[in-house]
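The values are calculated or read from the model by the stated rules, or taken from the named source; none is laboratory data. Note that this is a predicted model, so its numbers are computed, not measured. Cβ coordinates were reconstructed from backbone atoms using ideal geometry, including for glycine residues, and neighbour counts include every protein chain displayed. Each accessible area value is taken on the protein alone, full model and side chains, heavy atoms only, with ligands, DNA and RNA left out. Shrake-Rupley method; radii C 1.70, N 1.55, O 1.52, S 1.80 Å.
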Amino acid sequence: MTKVADLKTFATKIRIETIKEIAGIGVGHIGGALSICDLLAVLYGGVMNIDPKNPCDENRDWLIVSKGHSGPALYATLALKGYFPMDTLKTLNKPDTILPSHCDRHAPGVDMTTGSLGQGASLAMGIALGNKLSGRNNYTYLLLGDGECNEGQVWEAAMFANNKKLDNVIAFVDDNKQQLDGFTKDISNMGDIAAKFSAFGWNSQSIDGHDVEAILNAIKSAKENEGVPSVIVLNTIKAKGYKKWEGSPGNHNFNITMEDALQFEKDILANE
Amino acid sequence: MIKLANNIDKEPIEMRKVYTATLIELAKENENIVALDADLMSAIAMGDFAKTYPDRFINCGIQEANMMGVAAGMSATGKVPFAHTFAPFATRRAYDQLFLSAGYAELNVKVVGSDPGITAQLNGGTHMPFEDVGLMRLIPNAVVVEPTDNTVLKFVLKEAAKTYGLFYIRLSRKNSTKVYEEGSSFTIGKANTIREGNDVTIIAYGIMVKEALLAANILKEQGIEVRVLDMFTIKPIDKDAVIKAAKETGAIVTTENHNIIGGLGEAVAAVLAENAPIPMERVGVNDVFGKVGTQDYLAKEFNLTADEIVQKVKKVLERK
């Protein structure tokens, strides 16, 4: 499934299922989930070497969603790929669920537990290093938020990855320009994130994070680099696809009814 | 079965050298064992490990938080990481990483924190953890141990290597007091009864085991028969041994190179309060920060001495 049209359709499905999933509990981190759906579609739609029937295969590619509050988008993707039944999405944040709001590795296909921002970066480097030492040729993909890059641990991990020549790491930064309290430029301005990674010795690219073809090409280009880790900064819009919330204040976490979700589905399909 | 050393003497070899030698031995048997450090490789004498297994020794530089996350990530791929730095940085500084990336995520990380409490000596208050045991006890399912001597250290490292989960190994770098002979066997979570007695029990770990034995000698001369338990596993605490001691001796004094808040004393007090309430006293650092000085000076300054234990035993016996 690497045809661009198929990836776009997959991204739309992920958005719809993410919104329905969150509507099932009535509230959630919607903005940052919707901004990463195109990336998830590309990764799980053909780039990653994975087998939903064997989620713990040691030779698989890994994805660490370090911005753990975007768990619902990852869960929707995994359900659509068949890691667990679609109905499981209805249990999000409900008693005894395997799907808590923040990513949890106990759910099939979720490669790492995250939620305390910055920590996924170090975990990803450990996974990449462990796999390298074991002679595996797999990739570790890491997804960071732009707000998350406020955390010092991200930069410790960035320094480490370059020092240890972790060229099996491809990181993405979901640069959606917003963090919980407002616009990143007003809260804690990260400036040019790609340049910062470059300064840490990474191979850096900056692309439209909603263009699946651009994402595909950027990953392909990243894989051609040897000896250094790669980062792809995704220029994105928070709450992408949910017109009335796109890039607007307060879209980090908000209430949503099932009626809203059905309307969202109708609207997004109409805009296909 | 334990075999006790005849005298209260120093071990001939430093604990850090035993740590490195044992880890090299374990790494030979298990190719998944890796060692990490945060620019304190020389302090823990890991040069030989790094030379023997250059790919399996990861010096992270001065980044403790990242090191703990990297260790947790490596363990997710099947590695068995031993991550070392000074105890305050291994625990306090990287606590959220240990709590979530290692503990909550149920990964297989072995944390080695060196220079516990007053053994930090001339590095002073910034490097002197009296809270690390308390912090690590608060992480669900974490195993918290302080090896008493070289024989216990070797046992603990072997157990940690083969037991899945988060271990915190609190480690003096220098020469410990030899308590056990080679060939002794131990169990994680089980206290060692290193002296029998029925008048009172002293429960100790780490450097305070020696002080407990010295105190027991002094008290014997005064006609008081002291039981001494080496509680080298602080978590899970050996409830059975505590309850047995309470029932058979009727009074307990705990002693530790740690704040009396959060440490062994509180763990024992909880067992007693819920199972066998009897008088108890605690010898430990009385809720103050560390400070600079030699170990002997600091032991007196913080009342971590056999004399203090003797005083507390007398006090607890009055309450019995």
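Observations, loosely collected:
- Karplus 3J(HN,Hα) series, Hz, for segment A:104-115 with 6.51 cos²θ - 1.76 cosθ + 1.60 (x for Gly, Pro): 9, 6, 6, 7, x, x, 7, 6, 7, 7, 9, x
- Expected-Rg normalisation [2.2 N^0.38 Å, Cα atoms] applied to the protein assembly as shown: 1.09
- With the highest mean first, a sort of the peptides B:61-69, B:170-178, A:204-212 on other beta-carbon atoms found within 10 angstrom per residue produces B:61-69, B:170-178, A:204-212.
- Cross-link table A:K90/B:K235; A:K90/A:K238; A:K177/B:K79; A:K53/B:K79; A:K3/A:K132, entries beyond 27 Å C-alpha to C-alpha: A:K90/B:K235; A:K177/B:K79; A:K3/A:K132
- Residues of segment A:1-136: accessible area per residue with a 1.4 Å probe, Å²: 32
- Here's how it looks for A:L142: its modeled amide H is under 5 Å from those of A:I64, A:I170, A:A171, A:F172, which are all 5 or more places away or on a different chain.
- Chains B and A together bury roughly 2000 Å² of accessible surface, counting both sides and using a 1.4 Å probe on protein heavy atoms.
- Solvent accessible area, Å² - B:R282, 1.4 Å probe, full protein context: 90
- Violating pairs (Cα-Cα greater than 22 angstrom) within the set A:K13/A:K185; B:K178/B:K314; B:K3/B:K162; A:K164/B:K174; A:K165/A:K223; A:K20/A:K220: A:K13/A:K185; B:K178/B:K314; B:K3/B:K162; A:K164/B:K174; A:K20/A:K220
- Value at 222 nm in deg cm²/dmol, rounded to 500, when DSSP H runs of n ≥ 4 in chain B each add -39,500 (n - 2.57): -10500 deg cm²/dmol
- Note that segment B:10-178 shows a convex hull volume over its alpha carbon atoms of 98 Å³ per residue.
- Percent carbon-and-sulfur accessible area, segment B:120-210, ignoring ligands, DNA and RNA, probe 1.4 Å: 50
- Estimated translational D of segment B:192-319 in µm²/s (Stokes, Kirkwood radius over Cα pairs; 37 °C; 0.692 mPa s): 230
- At least 40 Å² of accessible area lost relative to the chain alone, listed for segment A:123-138 with a 1.4 Å probe: A:L123, A:G126, A:L133
- For segment B:281-320, the Rg and Dmax computed from alpha carbons only, in angstrom: 11.7, 37
- Electrostatic dipole magnitude of the protein assembly as shown [Cβ: Lys, Arg +1; Asp, Glu -1; Cα centre; debye, to 20]: 580
- Cα gyration tensor category, rounded, prolate or oblate, for segment A:169-272 with a/c compared to 1.5: oblate
- Equivalent-ellipsoid semi-axes of segment A:4-270, from the Cα gyration tensor, Å, largest first: 27, 21, 17
- List of segment A:161-186 residues, accessible area with partners at least 50 Å² below that of the chain alone (1.4 Å probe): none
- Rounded Å value of the spacing that divides the Cα centres of segment A:213-232 and segment A:127-155: 14
- Each residue of segment A:19-31 was assigned a 3J(HN,Hα) from its phi angle through the Karplus curve 6.51 cos²θ - 1.76 cosθ + 1.60 (θ = phi - 60°); the sequence is 5, 4, 4, 5, 4, x, 10, x, 7, x, 7, 7, x Hz, with glycine and proline shown as x.
- Between amide H atoms placed 1.01 Å from N, distances below 5 Å from B:K235 occur with B:V144, all of them 5 or more places distant or on a separate chain.
- Using θ = phi - 60° in the Karplus curve 6.51 cos²θ - 1.76 cosθ + 1.60, the 3J(HN,Hα) couplings for segment A:245-256 round to 10, 4, x, 9, x, x, 8, 5, 8, 8, 7, 8 Hz; x is entered for Gly and Pro.
- Förster-model FRET efficiency, 56 Å R0, A:S221 and B:I8, C-beta, rounded to 0.05: 0.25
- Alpha carbon centroid spacing (whole Å) that separates segment A:162-201 from segment B:118-150: 35
- B:N123-B:D55 FRET efficiency (beta carbon distance; Förster radius 41 Å; 0.05 resolution): 0.85
- Counting Lys and Arg as +1 and Asp and Glu as -1 over every other residue whose Cβ lies under 11 Å from the Cβ of A:D175, the net charge comes to -3.
- Separation of alpha-carbon centers, segment A:32-109 and segment B:1-72, rounded to whole Å: 37
- Averaged over the residues of peptide B:55-68, the number of Cβ atoms from other protein chains lying within 10 Å of each residue's Cβ is 5.
- For chain B, the Stokes-Einstein estimate of translational diffusion at 25 °C and a viscosity of 0.890 mPa s comes to 126 µm²/s, using the Kirkwood hydrodynamic radius over alpha-carbon pairs.
- Burial ranking of peptide ranges A:216-227, A:113-124, B:232-243 (average Cβ count within 10 Å, highest at the top): A:113-124, B:232-243, A:216-227
- In the context of the full set of protein chains, segment A:147-272 has a per residue accessible area of 47 Å² (1.4 Å probe).
- Each other residue within a Cβ distance under 13 Å of B:G47 adds +1 if Lys or Arg and -1 if Asp or Glu, for a net charge of +1.
- FRET efficiency for A:L269 and B:K174, using Cβ-Cβ distance with R0 set to 56 Å, rounded to 0.05: 0.20
- Residue-normalised accessible area of segment B:192-319, given per residue in Å² at a 1.4 Å probe: 41
- Legend: residues in segment B:80-117 shielded by at least 10 square angstrom of accessible surface upon adding the remaining protein chains to the isolated chain (1.4 Å probe, heavy atoms) are B:D96, B:Q97, B:L100, B:S101, B:Y104, B:A105, B:E106, B:L107.
- Fraction of accessible area attributable to carbon and sulfur, segment A:1-139 (%, probe 1.4 Å): 49
- Calculated over segment A:5-89: convex hull of Cα atoms, volume per residue (Å³): 86
- The long axis of helix A:119-133 is offset from the longest Cα principal axis of chain A by roughly 50 degrees.
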